[in-house]
1. From the backbone phi of the range 135-150, what are the Karplus-calculated ³J(HN,Hα) couplings (6.51 cos²θ - 1.76 cosθ + 1.60, θ = phi - 60°) in whole Hz, Gly and Pro given as x?
2. What 222 nm value per residue comes from the helices of the chain, counting each DSSP H run with n ≥ 4 as -39,500 (n - 2.57) and dividing by all residues, nearest 500 deg cm²/dmol?
3. In degrees, nearest 10, range 0 to 90: what is the angle between the Cα axis of helix 278-296 and the longest Cα principal axis of the chain?
4. For 75, 66, which order do you get if you count the other beta carbons within 10 Å of each Cβ and list the fewest first?
5. Select from 145, 335, 253 the residue whose mean-square fluctuation is largest in a Gaussian network model of the chain (Cα-Cα springs shorter than 10 Å).
6. For the range 194-205, what does the Karplus curve 6.51 cos²θ - 1.76 cosθ + 1.60, with θ = phi - 60°, yield as ³J(HN,Hα) per residue in whole Hz, taken in order and with x for Gly and Pro?
7. Within a 10 angstrom radius of the beta carbon, how do 249, 14 rank from fewest other beta carbons to most?
8. With +1 on each Lys and Arg Cβ and -1 on each Asp and Glu Cβ, and nothing else charged, work out how big the dipole of the range 132-277 is about its Cα centre, in Debye to the nearest 20.
Amino acid sequence: VSEAREYDVVIVGLGPAGASAAATAAVGGARVLAVDRKVSAGEPVQCAEFVPSLIDVDRGVLGEATRQPISAMQTFVEEAPAAHQPRFPGWMIDRAAFDGALVRMARRAGAVCRFGSVVRSISAAGVVLASGDRLRPRVLIGADGPRSIIGRSIGRVNRALVETRQITVPLLRPHAATDIFLSSTAVGGYAWMFPKRDVAHVGAGLAPPLRARLKSVVADLHRRLVAEGRTGKDVLATTGGAIPVGGMLDPVGCVGDTLVALAGDAAGLANPVSGAGIHAAVVSGRLAGAAAVRWLAGRADAGSDYRDELAECFGASLDRALARRSRLLATYHNGGQPRPSDLKRGWIAFDEYWNAA
Ligand SMILES: Cc1cc2nc3c(=O)[nH]c(=O)nc-3n(C[C@H](O)[C@H](O)[C@H](O)COP(=O)(O)OP(=O)(O)OC[C@H]3O[C@@H](n4cnc5c(N)ncnc54)[C@H](O)[C@@H]3O)c2cc1C
């Protein structure tokens, strides 16, 4: 029962959302405790590590975590040759280094960041850690990922998830594009090959009922890349994880007199089509941290302003992605198989995606 009232803001999760929230709240003068059940920042990595250039405002944050530039996207629809799209530049990063750098920023700002610390439950009596400590912050930020326990405590649960599997293999020829593989067999998702200097991430995401197929989808793509002389046979690492694809949740609630704000995947901010969530996690984390500071200063509208800010930043793109994904999934539910034209309308690299009604 120690620390019961020591902190103004408690943040659960020290991924990009939580670390960004911690830094912003601490810079704003709040006494911040951020906890994560992981033993160290960002590890094990559960990510394909691509960040689009729109995070250029964050070049300072990306800093030493960048590993190679990406100049374009190549999309393979079924067996057709790749469509090359130069509109999708970005960076391959090292997620453990990136998450670690964000945590260092939070610590420098004065936030206490604690790893190996698990939140067990939340109630009006406080936040209970596995250690038995009970915290009673004035603001609780849920940055605890797709299956957020903080979200659940205010009745917000991601409506849909995609399950993923990814292997890391040697890359035999330098490559500067993210390769996307769309197929009617990859229901609710897609397969990818992202180059990171001398290795490549080869993975796939599928709707949960097809989880059992993930292994063979990834193995098939790996075999194809080996046959094409693009990657080696060895599997250097294997990872996976869930991605929220059901769109934005209402990110604000309360437990007793504690304001609760969700950020990043916990708020359903990953893109339902691409699965990209790093940028939204950083941006929403900062906004949540700033909202916490306003709340502590007595601004009763801090929570509802945060809700509006998220809707303004992410609402339109999430809604579009959700609509495209739903339409594609409806093809299967109606007993059909999407045609290449349906797949293109459902993928961000094609004009059809942006122009469809
Ligand atoms: C295989 C895969 C590939 C991906 N590839 C990309 C990509 O290339 N580009 C991209 O932009 N996005 C990608 N994403 C999505 C991206 O990883 C997430 O959107 C991003 O990590 C969200 O950040 P976050 O801070 O919200 O959550 P997370 O990074 O998930 O951090 C949440 C943290 O909360 C902690 N936590 C959870 N519960 C508790 C608890 N009870 N107590 C204490 N700590 C807790 C976890 O340990 C974790 O560290 C990928 C996801 C997967 C699974």
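1. My calculation for the range 135-150 gives 10, 10, x, 7, 10, 10, 9, x, 10, 9, x, x, 10, 4, 6, 5 Hz in order.
2. Values: 9 runs with 111 residues, N = 357.
The per-residue figure over the chain is -9500 deg cm²/dmol.
3. Taking the Cα atoms of the chain, the angle to 278-296 is about 10 degrees.
4. Numbers: 75 23, 66 17.
The fewest-first ordering by Cβ neighbours comes to 66, 75.
5. 335
6. Values, residue by residue: 10, x, 9, 6, 9, 10, 9, 8, 10, x, 7, x Hz.
7. Working: 249 22, 14 31.
Ascending Cβ contact count within 10 Å gives the list 249, 14.
8. Working: 18 positive and 11 negative charges, 48 e Å.
My answer is approximately 240 debye.
Every read-out reported here was derived from the displayed coordinates using simple, explicitly stated rules and does not represent laboratory data. The structure displayed is predicted, hence computed values, not measured ones. Using ideal geometry, Cβ is built from the backbone for each residue, glycine included, and neighbour counts are taken over all protein chains shown.
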